[in-house]
Structure formats: C-alpha cells, structure tokens
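Read the structure below first, then the notes.
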Amino acid sequence: MTMLSARILARATRTQPRILQQARRLATESAPKHTESVFVKEREAVKHHAAESSELWRKLSIYVIIPAVVLASINAYKLWNEHWEHWEHLPPLEERVEYPYQNIRTKNYFWGGGDKTLFWNDKVNYHKRDE
C-alpha cells in the first residue's frame, strides 16, 4: 500500500510541472504575426480616423458655429429693436380698431377678471369690453 501511494504521489508531483509548463507555453504563445499585425493596423487606423474627426468637429465648433451664433444674435437684437421702434409709431392700444374676429369670448376665463387669456401681455394686447 505504501508503495502504491508513493508511486501515485511521485506521478502527481511529476505531472504537475509538465501541466504547468504546457499552460505557460500556451499562455505565452502568441497568435501568428500576420493576424496580429492586421488587427493592430486596423486599430491604429480607427484611432487615427477618430483623431481626425474630433479635430474637424472641434474646428467647426470654434470657427463656424460660434461666429454663426454671434451673427444670429446680432441680427435678432436689431430686429427686436426695429420691431419696438415700429410700435412707437402706432396709435395707442385704446384707439386701435378692434375687429370682430379678435378676442372672441364665449365665456369668461376662471382666472383674474375673466377677460385676459393665459398669455395676455398688457403692452401688446387690448380688449374693448362690451359695456
């Protein structure tokens, strides 16, 4: 019995290093150089393309979009001022003609005096109530 167990123990200790050597050899062996180089080249191409694309969008953002927003803001400011200059030349709200299709009321609103809509602006809107 002791001889059998000694033999098993010797075989177990002898095969373990061989298994470890095989595992080490398989772990350190790399794929064929051709496959690795194609993969690495493809990854490098993707990185290069990503760098070029991000640089393009950064330049577009700085040199195109920011000036376009500034110009659009200047234009909007000028139009806003022209609009209110035009309103200064109109007659007062109380003297303007109110057409029958303006400010139609079938029932009063449940807020305020019941005459003003939710988006009523006293500078622009006027309603002559039927007395």
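The values are calculated or read from the model by the stated rules, or taken from the named source; none is laboratory data. Being a predicted model, the structure only gives us computed values, none of them experimental. Cβ: placed from backbone, ideal geometry, glycine included. Neighbour counts: every protein chain shown. Note: accessible area is taken over every heavy atom of the protein model, side chains too, but ligands, DNA and RNA are not part of it. Shrake-Rupley method; radii C 1.70, N 1.55, O 1.52, S 1.80 Å.
Do we have any residue at all in segment 70-88 that's free of Cβ contacts under 8 Å to residues at least 60 places away in the same chain, over 39 Å from the mean Cα position of the chain (by Cα) and open to solvent by less than 100 Å² (accessible area, probe 1.4 Å)? Yes: segment 70-88 contains one or more residues that are free of Cβ contacts under 8 Å to residues at least 60 places away in the same chain, over 39 Å from the mean Cα position of the chain (by Cα) and open to solvent by less than 100 Å² (accessible area, probe 1.4 Å). When segment 96-113 is filtered for residues that are open to solvent by 80 Å² or more (accessible area, probe 1.4 Å) and either among the basic types (K, R) or not in a loop (DSSP other than H, G, I, E, B) (or both), only K107 remains.
Considering W57, W120, the condition of being out of contact with any strand residue (DSSP E or B) (no Cβ under 8 Å at 6 or more places or on another chain) and outside any helix (DSSP H, G or I) is satisfied by W120 alone.
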